[in-house]
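Here the structure comes first, spelled out in structure tokens, and everything after it is commentary.
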Amino acid sequence: MKPRNVAISVIVAFVLAFSASAEESKKDTAPIGAPQPRVVEALPSQALPPRAADPSWLLYQEGLRLFRQKRFGESLVSFKKAIDARASLFDRASKDIASALAAKEALRAKGSLSGLVELLAARDFIPQDIEAIRAKAGGGIVIELSLLRERSPSSPLRGLIDAVLLIVEERGLSRIGDSLAALGQTAADLGYYPEAEFGIAKIYLAEGEARLAELQMLRAYDMRGSLELALDRYAMLEALAEIYKSQGNLRDYELRLREIADQSDLFAGKDEHYRNALERTLAGQGFDKFMTLYRIRESFAASSYSGLGSLYLDAGRPLAVIYLAAAVNSVLTREIDEIQIYEPNYAYAGLSDLAARILADKGMSRFASDSGLWRDMVLLGEALAKSGYRDTARDLWSVVASAPGLGDLWGKRAAEQASSLANSRNASRGP
């Protein structure tokens, strides 16, 4: 045998011997049964980028808290940060909406939000997937958008979904419906923060900067279309009116209060006949009949009624009667509604009885005082007396003068007015 062949034989023998040894070793350690499958750890799924949240509300609340603590400098900073955060967030939402509207599918959507979502979704998902999402959503557009968002769609659908979900969270679905135009307008409106702007105005006012406060309030009022609660615009008008009053600008004071009052059904032009009937009942049949027949429930204007009634009384204008009557009726109506929550069968049984009930309840009594009820009852009596309706005036004054616990300015003024009226009647009868 040649040396080369001998060498190869030795190597082969060595390898075979090593393999046999290895097999023997495996028999000693290998588990019995089928080989275990290899477990491969799945790669972590990529997290979705967080949907845009609105940090401005928390900043606004912080501003309110600091304002109540009279930390005006810090409050001002918080309000400004809230304004900036709101503007930045909804500017991005507006851009996302604009990007979706620029897509070639937008024309085919014909102004429909759901239509555009469907067309854009067709880019990323097969029909079966879209149908499955719809079935799971059960007809809820917000749920459907959320499910689509979970699947990480591409732009511009992802941006459109984020914008819609954000706006729905802020204003609800009814504000936009299925309208792309309403969606875009709402996003633009939400870029403003009139509540925070008004907060800044109140800081200026608290610091004695009436002119700056006025300008800031006008700025906030110009943004009233973006208010979360539309009724807040009346608080802005009332604050403006008080600034004008403090400056002696009674013309603008009146105009701002009239702007509030004229929004109520009672003082809408079409209700002149109703107002006349209300005033005739009060003057001719007395206050109790007036309260039995009429209820004024638009409480947002009660303060403006009171202010205008007082203004017109000082000016000697007969209009004072109807405005003060509306102010008193509005507050008493709310007190009656409060009683009926716990006594559903309660019925108005006269001003004296109702006044006693109000004063016996701590919460109702506080509301009456804060609303200026006793003041307005006294002033209404004065307005009626000037118009020749002295009997009704006397009834009002008697209730306020004799009400327990009303020994304040208005209780004394009512007693003086009632006494003066009685003396004038006695004097007119002669000896």
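Some observations on this one:
- Contact order relative to length of the stretch 377-421, as percent, for alpha carbon pairs under 8 angstrom and 6 or more apart: 35
- Under Karplus coefficients 6.51, -1.76 and 1.60, residue-wise ³J(HN,Hα) of the stretch 110-127 in Hz, glycine/proline x: 6, x, 8, 5, 5, x, 5, 4, 4, 5, 6, 5, 5, 5, 9, 10, 7, x
- Taking a ≥ b ≥ c as the square roots of the eigenvalues of the alpha carbon gyration tensor, the stretch 193-276 is oblate, as a/c is not under 1.5 and a/b does not beat b/c.
- The stretch 330-345 and the stretch 243-264: distance between their alpha carbon centers, rounded to Å: 30
- Out-of-range pairs (alpha-carbon distance over 30 Å; input K289/K386; K70/K362; K245/K289; K81/K245): K245/K289; K81/K245
- For S179, the residues 5 or more places off, or on other chains, whose built amide H falls under 5 Å of its own are L113.
- Label-point gap, in nm, between S419 and Q340 - each point 7 angstrom along Cα→Cβ: 3.9
- Separation of the S152 and E242 label points, Cα + 7 Å toward Cβ, nm: 5.4
- Hypothetical label at R275: residues of the stretch 377-408 whose amide nitrogen lies under 16 Å (7 Å Cα-Cβ projection): none
- Prolate is the label for the stretch 139-198, because a/c, from the alpha-carbon gyration tensor with a ≥ b ≥ c as root eigenvalues, is 1.5 or above and a/b exceeds b/c.
Here, each number is a calculation from the coordinates, and none is a lab measurement. For clarity, every value in this text was computed on a predicted model and none was experimentally measured. Glycine also receives a Cβ, built like all others from the backbone with ideal geometry; neighbour counts cover every protein chain displayed.
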